[in-house]
1. Sort chain B into rounded, prolate or oblate with this rule: let a ≥ b ≥ c be the square roots of the eigenvalues of the Cα gyration tensor; rounded if a/c is under 1.5, and if a/c is not under 1.5, prolate when a/b is larger than b/c, oblate otherwise.
2. How big is D, in µm² s⁻¹, for chain A by Stokes-Einstein at 4 °C and 1.567 mPa s if Rh is the Kirkwood radius over C-alpha pairs?
3. Using a simple spin-label model with points 7 Å from Cα along the Cα→Cβ vector, what separation in nm is obtained for A:Thr13 and A:Gln41?
4. If Lys and Arg each add +1 and Asp and Glu each add -1, what is the summed charge of the other residues whose beta carbon sits under 11 Å from the beta carbon of B:Ala17?
5. Using DSSP to define loop residues, name the trypsin sites (Lys or Arg not before Pro) in the stretch A:40-87 whose beta-carbon has at most 13 other beta-carbon atoms within 10 Å.
6. Tell me, which cysteines of chain B are without a disulfide-compatible partner by the Cβ under 4.7 Å rule?
7. State which entries of B:Lys2/B:Lys79; A:Lys11/B:Lys45; A:Lys17/B:Lys42; B:Lys45/B:Lys79; A:Lys11/B:Lys42; A:Lys15/A:Lys78 exceed 25 angstrom in Cα-Cα distance in the structure shown.
8. Can you give the % of DSSP beta bridges in chain B that are antiparallel, to the nearest 5?
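No value in this document is a laboratory result; all are computed from the given coordinates. Note that the structure is a prediction, hence the values are computed from the model and not measured. Using ideal geometry, Cβ is built from the backbone for each residue, glycine included, and neighbour counts are taken over all protein chains shown.
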Amino acid sequence: GAGVSQTPSNKVTEKGKYVELRCDPISGHTALYWYRQSLGQGPEFLIYFQGTGAADDSGLPNDRFFAVRPEGSVSTLKIQRTERGDSAVYLCASSLTGSAETQYFGPGTRLLVL
Amino acid sequence: RKEVEQDPGPFNVPEGATVAFNCTYSNSASQSFFWYRQDCRKEPKLLMSVYSSGNEDGRFTAQLNRASQYISLLIRDSKLSDSATYLCVVNLGGSYIPTFGRGTSLIVHP
């Protein structure tokens, strides 16, 4: 079956602009995670959804970052007033139930803020 | 101190060598442990879970040392295709949020 997909694969934007990153998880997976990965670092947790609700958003760096999952499947990560420091690979992962189990990652969106 | 620490490497080894990585974690309440593999410019993929009794999958062996709070990954008979970054992942007991280490880079050369 299809894996986790993310769009766009690459996004170049200017400082101060708004961007939306989309994640389509594996069908039937209730848990969805967003991570941010900078060069030479491991994925850094941003937010975790269980179904439609954000069960834990403690990793969001500030109020410019927001994510939604209105129907419990596709999720969108939204970044307002982008800054150069937001440049990174944004990874989405899904898992069946969200307990400590295998996470399946999408290919990521490479965001570059100029 | 970081929650999960890994030596970034790179570990540069010849084909056929045996190589081992360690990963230390700071929270003694950690309950679940994993190794993920990440190829250059690709997403992480699960390599193996780490069980208390240790576990083996082909050339790969993972072990957990709770007393010293570290996990290890041993790769025997290294192949060129083993070249990648190996990420250590730790979950606190009852937590849905995994913590990733920064990864250890392995380069296997002919």
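1. Details: a/c = 1.93, a/b = 1.61, b/c = 1.19.
Since a/c reaches 1.5 and a/b is larger than b/c, the shape of chain B is classed as prolate.
2. On the way: Rh = 13.9 Å.
For the chosen part, D equals 93 µm²/s.
3. According to this spin-label approximation, the distance is 1.8 nm.
4. Numbers: positive: B:Arg76, B:Lys79; negative: B:Glu15, B:Asp77, B:Asp82.
Residues near B:Ala17 contribute -1 overall.
5. Details: sites: A:Arg64, A:Lys78, A:Arg81, A:Arg84; in loops: A:Arg64, A:Arg81.
For trypsin sites (Lys or Arg not before Pro) across the stretch A:40-87 that sit outside H, G, I, E and B with at most 13 neighbouring Cβ atoms in 10 Å, the list reads A:Arg81.
6. B:Cys40, each lacking another Cys Cβ under 4.7 Å.
7. Working: B:Lys2/B:Lys79 31 Å; A:Lys11/B:Lys45 23 Å; A:Lys17/B:Lys42 27 Å; B:Lys45/B:Lys79 18 Å; A:Lys11/B:Lys42 16 Å; A:Lys15/A:Lys78 14 Å.
As for pairs spanning more than 25 Å Cα to Cα, those are B:Lys2/B:Lys79; A:Lys17/B:Lys42.
8. Numbers: 38 of 42 bridges.
Around 90 percent of the beta bridges assigned by DSSP in chain B are antiparallel ones.
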